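This report refers to the structure that appears directly beneath it.
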Amino acid sequence: MHLWCDFHVRGPMFAEEQLDGLQSVIHRLLPKWSAGLRVARDEDSPDPLLVGRAGRLYDCLHQAAPPKRGLGPAVLTGSYKGLSFFLNHFEGTLPPVLNTMAIEVYGPSVIEGQAVSIWARTFFEAVTAQFPIRYANVRLAEEFRAKNMIDDETGVEAIGVDITDAIPGLYWLNYLGALYLDLIGRERLLSAPAFEVKPVGDGVLLALDSSAEAWQSDAYRAREQATIEHLGKEFFFSRYEPERKTIAPDFARESKPRPG
């Protein structure tokens, strides 16, 4: 299995409250993995710094991967392979692409004794409930490739992923934050014909199935199209209509982020 969880965070990713909150969620939902929690600037760093369960992620990250000129990446790994966190930090709040967290699951079908889809759903809801998240999604790499990747003679490229233009697509799990509630309408979001819809944190979580692996099924695709039609095609990127006019939130209107 190759699964990704992507989060666009409303405040600086390396801020103290963000990292303390993230470490709390990791300790709770990844108790075995976090025993070997390490932080480094990137995957090729030769000596990642051990955080474990006794250390403090904020202190260790700023030692191992301090931002330069207000920008910086960091990678978190743990006591077993197949699960990594990729963090990107910017000292400001705009543009949205600069404060992000991506979680990659590559290989294992079980994490902490749970099927990956069950664990990912639990972790996704915990993060979106606790953090100031603008937009987030969870999907298999194959689903993203089908909806947002071009692979031709010019190379491999992701398309339609800039949330300042449109929602990149509708995937297995989706989270639309406060500005999307203003843009699309809370009641319209909560009445979407998805597999599951619920308010979480400042926004709404939409699931298209109980399992990420169902993305090619007829039922999944029917829910996907019905939900997009219900919410409004103008809010979503489509690789089949890449030039159509779309509508996105004005992220400059956001209020100050609440602490993680």
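Rounded to the nearest 10 degrees, the inclination of helix 116-130 to the longest alpha-carbon principal axis of the chain is 90 degrees. Which of the three applies to region 68-114, rounded, prolate or oblate, going by the alpha-carbon gyration tensor with a ≥ b ≥ c and a/c under 1.5 meaning rounded? Prolate, since a/c reaches 1.5 and a/b exceeds b/c. Between beta-carbons, use under 14 Å as the cut-off and find the net charge around Y58, counting Lys and Arg +1, Asp and Glu -1. That works out to -3. Need one word for the chain: rounded, prolate or oblate. Basis is the Cα gyration tensor (sqrt eigenvalues a ≥ b ≥ c); a/c below 1.5 gives rounded, then a/b vs b/c decides. Prolate, since a/c reaches 1.5 and a/b exceeds b/c.
Across the accessible surface of the chain, with the other protein chains kept in place and a 1.4 Å probe, carbon and sulfur atoms take up 51 percent. Ordering 45-54, 212-221, 96-105 by mean Cβ neighbour count within 10 Å, with the highest value first, yields 96-105, 212-221, 45-54.
By its C-alpha gyration tensor, with a ≥ b ≥ c as the square roots of the eigenvalues, how is region 1-155 shaped: rounded for a/c under 1.5, else prolate for a/b larger than b/c, else oblate? Rounded, because the longest to shortest axis ratio a/c is under 1.5. Probing with 1.4 Å while keeping every protein chain in the model, the per residue accessible area of region 178-256 equals 55 Å². Karplus-based coupling profile of region 162-178, in residue order and whole Hz: 7, 6, 6, 9, 5, 5, x, x, 10, 10, 4, 10, 9, 10, 10, x, 4, with θ = phi - 60° in 6.51 cos²θ - 1.76 cosθ + 1.60 and x standing for Gly or Pro. Calculated accessible area for region 1-153 comes out at 43 Å² per residue, all protein chains present (probe 1.4 Å; ligands, DNA, RNA ignored). As a calculated quantity, the FRET efficiency between V197 and E17 at R0 = 45 Å, using C-beta atoms, amounts to about 0.95. Using C-alpha pairs below 8 Å separated by at least 6 residues, the relative contact order for region 5-62 is 32 percent.
Name the residues of region 1-43 whose amide N is less than 18 Å from a point 7 angstrom out from the Cα of A115 along the C-beta direction? Residues passing the 18 Å test: 1-4. With contacts taken as Cα pairs under 8 Å and at least 6 residues apart, the chain reaches a relative contact order of 20 percent.
Computed 3J(HN,Hα) for region 24-41, one whole-Hz value per residue from the Karplus formula 6.51 cos²θ - 1.76 cosθ + 1.60 where θ = phi - 60°, is 4, 5, 4, 4, 6, 9, 9, x, 6, 4, 6, 4, x, 4, 10, 10, 8, 6, glycine and proline marked x.
For K81, go through the aspartates and glutamates and keep the ones whose alpha-carbon is under 20 Å away, minus same-chain ones fewer than eight residues off. Excluding near neighbours in sequence, the set is D6, D42, E43, D44, D47, E104, E112. Within straight-line reach of K198, meaning a Cα separation under 27 Å, sit the following lysines at least 8 residues removed in sequence or on another chain: K147, K233, K256. Per-residue 3J(HN,Hα) values for region 200-212, derived from phi via the Karplus relation 6.51 cos²θ - 1.76 cosθ + 1.60 with θ = phi - 60°, read 9, x, 8, x, 10, 9, 10, 10, 9, 6, 7, 10, 5 Hz in sequence order (x marks Gly and Pro).
The values are calculated or read from the model by the stated rules, or taken from the named source; none is laboratory data. All values derive from a computational prediction rather than experimental measurement. We place every Cβ from the backbone using ideal geometry, glycine too, and count neighbours over all the protein chains shown. Only protein heavy atoms, including side chains, enter the accessible area calculation; ligands, DNA and RNA are left aside. Shrake-Rupley method; radii C 1.70, N 1.55, O 1.52, S 1.80 Å.
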